[in-house]
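These notes are about the structure you will find just below.
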Amino acid sequence: MRQTWRWFGPQDRVSVNDMLQAGVEGVVSALHQLPAGAPWTETLIETRQQEIATRADGTPSGLAWEVVESLPVSEAVKTRTSDCETHLTNWCASLEALAARGVTLRTAAQRVCDAMDTLTHEQEGLATATRVAISASDRRRSNSSSRNRSMTA
């Protein structure tokens, strides 16, 4: 078991240095500054990863963003109103961006279930995009593990 902490980003009263002092081994976070329905870009995800990976003095913290605390499903998607299609597209693109940056997607499972519960068969693209993003993340993790095993053998 690893000690992970929820972190709200640079505006959180607890700093990366504070987490290290408390013995944190990994970080649970999200892009809390973005409203539900807004896309999480690879650049924004990378920025959060760097914030976690860097101490106040600029040296490496040794911490990583290990768990996506939440990738919110907007009310527009849940109720199929106004910006539903745009928000759905953004949500899928956000999952893909998380996978591309190597952030664990299995932790987004509850939000995937929430989204699936609110969608009809007309929006099967979400399920496909989610499966593709999770599969890509699994392949990256598997390839990384294989490389790490071969390097230590």
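Here is a list: Glu66, Glu96. Which entry is charged (D, E, K, R), in a helix (DSSP H, G or I) and modelled with pLDDT under 95?
Just one listed residue meets the conditions, Glu96.
Residues of the range 76-101 being under 15 Å from Pro39 (Cα atoms) and among the charged types (D, E, K, R), which ones?
Taking the range 76-101 first, the residues under 15 Å from Pro39 (Cα atoms) are 76-77, 83-101.
Of everything in the range 76-101, those that are under 15 Å from Pro39 (Cα atoms) and among the charged types (D, E, K, R) turn out to be Asp83, Glu85, Glu96, Arg101.
Could you pull out the residue among Thr47, Thr41, Thr59 that is over 21 Å from Thr4 (Cα atoms) and either loosely packed, with under 15 Cβ neighbours inside 10 Å or touching a residue at least 40 places away in the same chain (Cβ under 8 Å) (or both)? Explain how you work it out, then say what you get.
Numbers: Thr47 fails: over 21 Å from Thr4 (Cα atoms); Thr59 fails: over 21 Å from Thr4 (Cα atoms).
Only one candidate passes the filter, namely Thr41.
If Val73 meets every condition in (1) touching an Asp or Glu at 6+ places or on another chain (Cβ under 6 Å); (2) aliphatic (A, V, I, L, M); (3) not in a loop (DSSP other than H, G, I, E, B) apart from one, which number is that one?
Against the list (1) touching an Asp or Glu at 6+ places or on another chain (Cβ under 6 Å); (2) aliphatic (A, V, I, L, M); (3) not in a loop (DSSP other than H, G, I, E, B), Val73 comes up short only on (3).
Of these, Ala64, Ala76, Ala30, Ala36, which one is out of contact with any Lys or Arg (no Cβ under 6 Å at 6 or more places or on another chain), crowded, with 17+ Cβ neighbours inside 10 Å and within 20 Å of Ala99 (Cβ to Cβ)?
Details: Ala64 fails: crowded, with 17+ Cβ neighbours inside 10 Å; Ala76 fails: within 20 Å of Ala99 (Cβ to Cβ); Ala36 fails: crowded, with 17+ Cβ neighbours inside 10 Å.
The conditions single out Ala30.
The values are calculated or read from the model by the stated rules, or taken from the named source; none is laboratory data. Just so we're clear, the structure is a prediction, and the values are computed from it rather than from any experiment. Don't worry about glycine lacking a Cβ; one is built from the backbone with ideal geometry, like all the others, and counts go over all protein chains shown.
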